[in-house]
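Heads up, the thing below is written out as structure tokens.
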Amino acid sequence: MRPAVLWRNTDFLLLWSGQAVSTLGSSVSRLALPLLTLALTHSPAQAGFIAALQSLPYLIFSLPAGALIDRWDRKQVMIRCDVARCLAYGSVPLAYVAARLTIAQLYAVALVGGTAYVFFNIAEVAALPRVVPAGQLSRATALNESATSTSNLIGPGLAGLIISLGRTTMSGATVAYLVDSLSYLVSTLSLGFIRTPFQAERAPFIGRSLRADMAEGVRFLWSRRDLRTMALLTMGMNLFFGPLPLAVIVLARTSLHADARAIGLIFSAGSAGGLAGSFVAPWIKGRLRFGQAIVGSVSCIALVTPLVGAAVSVPMLLAGYALIGVMLPVYNVMSISYRLAPSSPMCCRGASTAFSACWVSVVSRSARLSAGSCLSRSGRASSCG
């Protein structure tokens, strides 16, 4: 199947474009959230607590969400999740205009947004093989990675511009929330025009408990040596590389005495590297075997990471972080497209995806918390203000 065929797949383009818009909106509100919290409460601790609330639903709901999504209509789940996020984020500017915005509302919005993201993300990953032919999965995954990298590249700058246009930080941040709300409306409309069903016809789940479905997905993942190995490898990568952004900020501020602009350039370079990696990943997949591409990408990251830690200048740190950014999408595209291959049964994709994502999320967040604790104890984080 020729590469151009994917661009003629109307349903995939609707799915991809809607997600590209909503991902950009999320990137805008991601910067607005701590600024709005600080403006409202003047408490960095509250800003950190709300960020944690957004992540909490992934740890709580991942496993049951995966099993439920294998039962439910995935398209309807995704539409309702987008509607919930549109209303939740849209409530922030409305409450601000009515002079009724409170920290409790931001807590609720964070929980609703995080919960909707869990269900939407698992449903989208499980549905992709229904929208895209098997031969195009890696290219479709690469395009999703490119949309994420592009949003991470331009989103913070766009958010800064939007917030700066407000009379105050609080008013500008609420406008950023409005932008994110509208982005979910665009995603909802794009999903509504997709004609392809997001799952095959299946036997009804009569007499089967949710626990049994969750166990079936876990057993399927663990019974396959290749999928089990990939899940463990991904957890290992998140354990070591989850804290990397925090470590880069601390290194840049304390050892290299970089200002905020230089740190922004470092992370922009990482996003630009991710965009480049998402474009080169299908080319690599077409020329290397799966094992070669996985081992190669992991080896490159493992070799570059110590160089990042030993960087003696901002350009050296920027170059190392950009190279890591190139290789991560290669790994993601290879692993996700392999996991979604036709050999995995449709009935288990939601549950097995959720189990893998749950433990990866646990490991990643634990690593970040441990890194923050270690940096605080070493006294380096205290000089980052």
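Tabulated values for the structure
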| quantity | calculated |
| --- | --- |
| Meets criteria (on the phi < 0 side of the Ramachandran plot and either among the basic types (Lys, Arg) or surrounded by fewer than 18 Cβ atoms within 10 Å (Cβ to Cβ) (or both)) for Gln105 | yes |
| Out of Ile162, Ile206, sole residue that is surrounded by 15 or more Cβ atoms within 10 Å (Cβ to Cβ), hydrophobic (A, V, I, L, M, F, W, C) and modelled with pLDDT under 95 | Ile162 |
| Members of the range 22-46 that are aliphatic (A, V, I, L, M), surrounded by fewer than 20 Cβ atoms within 10 Å (Cβ to Cβ) and closer than 21 Å to Ile162 by Cα | Leu31, Leu35, Leu38, Ala39, Leu40 |
| Glu124 outside the structural domain of Phe49 (by TED's automatic domain parsing) and charged (D, E, K, R) | no |
| Whichever residue in the range 132-157 is at pLDDT 85 or above and over 19 Å from the mean Cα position of the chain (by Cα) and, among such residues, is surrounded by the fewest Cβ atoms within 10 Å (Cβ to Cβ) | Pro133 |
| Looking only at the range 1-21, and only at residues there that are modelled with pLDDT under 85 and touching a helix residue (DSSP H, G or I) at 6+ places or on another chain (Cβ under 6 Å), the one that is surrounded by the fewest Cβ atoms within 10 Å (Cβ to Cβ) | Met1 |
| Arg80 vs. criteria surrounded by fewer than 19 Cβ atoms within 10 Å (Cβ to Cβ), among the basic types (Lys, Arg) and in a helix (DSSP H, G or I) | yes |
| Restricting the range 240-280 to residues that are among the aliphatic types (A, V, I, L, M) and not in a helix (DSSP H, G or I), the residue that is modelled with the lowest pLDDT | Ala258 |
| Members of the range 128-139 that are of a type in the set (A, V, I, L, M, F, W, C) and touching a Pro at 6+ places or on another chain (Cβ under 9 Å) | Ala134, Leu137 |
| Filter pass, Ala108 being in a helix (DSSP H, G or I), closer than 21 Å to Gly18 by Cα, assigned by TED's automatic domain parsing to the domain that holds Val28 and modelled with pLDDT of 95 or more | no |
| Test result for Leu153, out of contact with any helix residue (DSSP H, G or I) (no Cβ under 8 Å at 6 or more places or on another chain), hydrophobic (A, V, I, L, M, F, W, C) and in a helix (DSSP H, G or I) | no |
| In the range 156-182, the residues that are β-branched (Val, Ile, Thr), farther than 27 Å from Val83 by Cβ and part of a helix (DSSP H, G or I) | Thr169 |
| Sole residue being assigned to a helix (DSSP H, G or I), in contact with a Gly (Cβ under 6 Å, 6 or more places away or on another chain) and either of a type in the set (D, E, K, R) or closer than 23 Å to Thr150 by Cα (or both), chosen from Ile69, Ile122 | Ile122 |
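The values are calculated or read from the model by the stated rules, or taken from the named source; none is laboratory data. Treat the numbers as computed from the prediction; the structure is a model and nothing was measured. Quick reminder, even Gly has a Cβ in these numbers, built from the backbone with ideal geometry, and neighbours come from all protein chains shown.
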